[in-house]
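Engineer: I have a structure I would like to understand better, so I am pasting it below and will then ask my questions one at a time.
None of the figures in this text is laboratory data; all of them are computed from the coordinates on show. If you're wondering where the values come from, they're calculated on a predicted model, not measured in any experiment. Cβ: placed from backbone, ideal geometry, glycine included. Neighbour counts: every protein chain shown.
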Amino acid sequence: MNPNSPQTLEIFWHSSAHLLAQAVKRLYPDVKLGIGPAIKNGFYYDFDFGETISSDELPKIEAEMKRIVEEDLSITRSELSPDEAKLFFAKENQDYKLELIEELDEQISVYSQGEFTDLCRGPHIASTGLIKHFKLLSLTGAYWRGDERNQMLQRIYGIAYPTPKQLKVHLMKLEEAKKRDHRIIGKQMDLFSFHPEAPGAPFWHPKGEILFHLIDDYMRKLLTRRGYGQISSPLIMTRDLWERSGHWDHYHNNMYFTTLDDRDYAVRPMNCPGAVLMYKERQWSYRDLPLRWAEMGIVHRYEKSGTLHGLFRVRHITQDDAHIFCTPDQIVDEVSAMIKLVFEVFEHFNLTDISMELSTRPKDRIGSDELWDNAEEALITALDQGHYDYDVNKGEGAFYGPKIDFHVVDALGRSWQCSTIQLDFNFPQRFDLEYIGSDNQPHHPVMLHRTILGAMERFIGILIEHYGGDFPLWLAPEQAVLLPITDKEHDAVRKTYDRLCAEGIRCRVDWRAEKIGRKIRDAELAKVPYMLIIGAREAENDQVSLRRRGEGNLGAMSVDILIERMKSELE
């Protein structure tokens with residue numbers, strides 16, 4: 001068994017979920033079992049206890065799991081017909097398993113270990129004795145099958161590894177992740193907040209708004225140098241537009257709606273139809289293409305309340321979107337340029353570990369197989385010409401076209417899917433988009449959809465946790481704080497503050513009547529890079545006593561040298 005293999009871990013975690021379920025069943029004989037899959041970082045199992053249990057029960061469940069491990073029970077597979085499976089789980093009084101069986105019309109596999117048998121496709125490891133190193137992490141609520149109209153179950157999350165070292169490293173990362181939680185740091189740094197009056201929509205405070213626009217400005221300037229135009233389209237558009245685009249049929253459950261003047265409208269979940277309508281405003285020639293339009297566009301998507309999670313899962317989303325209209329022979333060059341742009345942007349944010357995957361046609365899609373063949377072949381050509389390593393994710397493309405997804409790894413080793421490039425032959429046909437070719441005849445352009453950062457809200461959450469709030473100086477919402485020791489330094493502090501502001505340095509003064517030690521601690525908690533202490537001696541000599549976060553006390557320094565140092569660091 002290779003303990004580092006993703007396949008090994010998936011099997012190991014799924015077997016660990018069965019171990020958890022068996023322990024729970026022993027302790028709570030009347031419990032009804034939901035599902036227990038392996039997930040990205042561990043496993044979970046859903047239970048209906050009949051009454052709510054608390055996380056205080058987890059150590060007791062862990063202890064029972066250890067007893068089962070010591071029993072070293074063999075894990076065996078059997079096959080049952082649907083009728084046999086129904087009979088077995090009916091005797092066990094497992095209503096949720098019976099519901100799952102109703103959807104199956106073939107031989108059903110079950111896995112058994114000792115007295116415990118569960119409905120499962122498998123595969124599993126050979127015995128419970130192999131699962132020696134595990135930890136139950138949390139207890140939360142979860143609707144059966146993710147539907148809020150269904151029964152609320154209780155979900156227990158856990159992690160397990162074949163070796164104790166792997167488990168120790170994982171638990172250390174979880175502890176570090178708690179320290180870097182963007183929701184906690186965001187509050188400490190006064191960046192954003194959430195309120196029940198607008199669930200799933202962040203309220204950006206002044207410092208958070210600075211951070212947001214620093215990233216926005218960087219992207220706009222970069223795209224201008226790459227030949228992009230900036231556009232903006234309406235938030236609310238008519239139902240018939242979304243029916244024509246295909247979103248009404250394929251994305252209806254995630255959209256918001258309203259009726260005005262007896263006409264149905266939808267709040268946009270995506271920006272692309274707006275770009276399409278603008279393209280139709282005039283006749284284009286092949287000489288005009290490629291046409292690159294970027295839109296920092298706000299969209300709204302309904303996410304179930306139980307899935308909302310800080311900036312990582314929101315309903316109000318700002319996308320660094322772009323749509324490129326090009327000729328078929330320009331596809332490979334445009335996709336290649338986008339791939340290079342993705343790597344350039346993430347390197348700028350010190351995110352350099354990037355992997356790629358090609359997602360191909362899903363079952364639920366629009367367009368002919370011929371269009372999909374051409375689209376997938378074009379993306380493969382761009383990837384192969386750039387000699388990129390990539391995985392193929394079969395059946396996970398968008399309903400209108402295949403795509404390349406990019407996954408970046410942060411400082412804690414967690415992978416995030418941010419960028420995507422989607423190739424679309426279907427929208428131009430659905431909306432009758434045309435350009436006049438060199439043959440003086442109309443042709444459909446190809447449409448490329450792409451984001452680099454993805455959702456700005458989510459990307460900022462990723463950055464907060466990646467840096468732990470210790471942003472590089474250019475990205476720090478607050479670059480310096482002036483800390484006067486007494487009120488007597490007021491004039492000198494104000495003069496220094498004005499000089500720094502004139503140089504474009506983002507700073508403030510802590511005028512509170514607190515001891516200097518308290519002011520320094522609060523500035524450290526707010527993760528301000530430069531702390532500038534001004535007492536009587538500094539005021540007299542036009543100096544500051546400098547503390548640099550992460551470096552400590554650097555001593556007295558003239559204001560001129562301080563400004564040179566900060567500008568050099570910014571450059």
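Engineer: Expressed as a whole number of Å, what is the distance separating the alpha-carbon centroids of region 541-571 and region 170-229?
Structural biologist: Centre-to-centre (Cα) distance: 27 Å.
Engineer: Further question: What whole number of Å gives the distance from the Cα centroid of region 68-108 to the Cα centroid of region 25-61?
Structural biologist: If we compute the Cα centre of each part, the gap is 18 Å.
Engineer: Alpha carbon centre of region 272-335 versus region 390-454: separation in Å?
Structural biologist: Region 272-335 and region 390-454 have Cα centres separated by 9 Å.
Engineer: Treat the count of other C-beta atoms within 10 Å as a stand-in for reagent exposure and order M278, M531, M456 from fewest to most. Numbers along the way, then the final one.
Structural biologist: Numbers: M278 16, M531 24, M456 21.
Exposure proxy ranking, most exposed first: M278, M456, M531.
Engineer: Let me ask something else. At what distance in nm do the modelled label points of E92 and Q385 sit from each other, each positioned 7 Å from its Cα along Cα→Cβ?
Structural biologist: So the two model labels end up 5.5 nm from each other.
Engineer: What are the equivalent ellipsoid semi-axes of region 6-174, built from the alpha-carbon gyration tensor (square roots of five times its eigenvalues), in whole angstrom, biggest first? Before the final figure, lay out the partial values.
Structural biologist: On the way: eigenvalues 119, 74, 44 Å².
Result for region 6-174: semi-axes of 24, 19, 15 Å.
Engineer: Running Debye on region 1-101 with equal point scatterers at the Cα sites and no solvent, what base-10 log of I(q)/I(0) appears at q = 0.17, 0.20 Å⁻¹?
Structural biologist: -0.93, -1.21
Engineer: Tally Lys/Arg at +1 and Asp/Glu at -1 over every other residue whose Cβ is under 15 Å from the Cβ of K519; what's the total? All intermediate terms of the calculation are to be shown ahead of the outcome.
Structural biologist: Working: positive: R508, R512, K515, R518, R521, K527, R547, R549; negative: E478, D487, E489, D510, E514, D522, E524, E538.
After counting each charged neighbour, the total is 0.
Engineer: While we're here: In what order do E103, E434, E540 fall by count of nearby beta-carbon atoms within 10 Å, going from fewest to most?
Structural biologist: On the way: E103 7, E434 16, E540 10.
Ranked by crowding around the Cβ, least crowded first: E103, E540, E434.
Engineer: Now a separate question. Sum up the lysine pairs in region 186-467 that clear both bars: alpha-carbon distance under 15 Å and a spacing of 8 or more or different chains.
Structural biologist: Taking region 186-467 as the scope, the lysine pair count is 4.
Engineer: Follow-up. Where a ≥ b ≥ c are the square roots of the eigenvalues of the C-alpha gyration tensor, would you call region 526-571 rounded, which needs a/c under 1.5, or, failing that, prolate if a/b is larger than b/c, or oblate? Working shown, then result.
Structural biologist: Details: a/c = 2.34, a/b = 1.31, b/c = 1.78.
Oblate.
Engineer: Another question, if that's okay. Once you compute Rg and the Kirkwood Rh from C-alpha atoms, what is the Rg to Rh ratio for the chain? Present the calculation step by step, with values, prior to reporting the outcome.
Structural biologist: Values: Rg = 28.4 Å, Rh = 27.7 Å.
Reported Rg/Rh (Cα atoms, Kirkwood Rh): 1.03.
Engineer: Another one. Rounded to two decimal places and with Rh computed the Kirkwood way over Cα pairs, what is Rg over Rh for region 186-467?
Structural biologist: Working: Rg = 18.9 Å, Rh = 19.8 Å.
Reported Rg/Rh (Cα atoms, Kirkwood Rh): 0.96.
Engineer: For region 480-570, what is the Kirkwood hydrodynamic radius in Å, using each pair of distinct C-alpha atoms?
Structural biologist: Computed over region 480-570, the radius equals 12.9 Å.
Engineer: Still on this model: List the lysines whose Cα sits under 28 Å from the Cα of K488, skipping any in the same chain fewer than 8 residues away.
Structural biologist: Cα-Cα hits under 28 Å: K515, K519, K527.
Engineer: Here's something else I'd like to know. What ranking, highest mean first, results for peptides 513-520, 37-44 when packing means the other Cβ atoms within 10 Å averaged over each residue?
Structural biologist: Working: 513-520: 13.1, 37-44: 17.1.
By packing density, highest mean first, the sequence is 37-44, 513-520.
Engineer: Still on this model: Report the local net charge at A398: Lys and Arg +1, Asp and Glu -1, summed over other residues whose C-beta lies under 13 Å from its C-beta.
Structural biologist: Here the charged neighbours net out to 0.
Engineer: Sticking with this one: Can you give the helix-only mean residue ellipticity at 222 nm for the chain, where every DSSP H stretch with n ≥ 4 adds -39500 (n - 2.57) and the sum goes over all residues, rounded to the nearest 500 deg cm²/dmol?
Structural biologist: On the way: 18 runs with 207 residues, N = 571.
So the helix-based figure for the chain works out to -11000 deg cm²/dmol.
Engineer: Any idea what the dipole of the chain comes to, in debye rounded to 20, about its Cα centre with Lys/Arg Cβ at +1 and Asp/Glu Cβ at -1?
Structural biologist: Numbers: 70 positive and 90 negative charges, 400 e Å.
For this selection, approximately 1920 debye.
Engineer: Give me Rg/Rg_expected for region 443-512, where Rg uses Cα atoms only and Rg_expected = 2.2 N^0.38 Å with N residues. Could you put the intermediate results ahead of the total?
Structural biologist: Numbers: Rg = 20.3 Å, N = 70, 2.2 N^0.38 = 11.1 Å.
This ratio for region 443-512 stands at 1.84.
Engineer: Still on this structure, please answer the following. Determine the sum of side-chain charges near Q543: Lys and Arg each +1, Asp and Glu each -1, restricted to other residues whose C-beta is under 15 angstrom from that of Q543. Don't jump to the answer; show the numbers that get you there.
Structural biologist: Values: positive: K495, R499, R537, R547, R565; negative: E489, D491, E538, E540, D542, D560, E564.
Net charge around Q543: -2.
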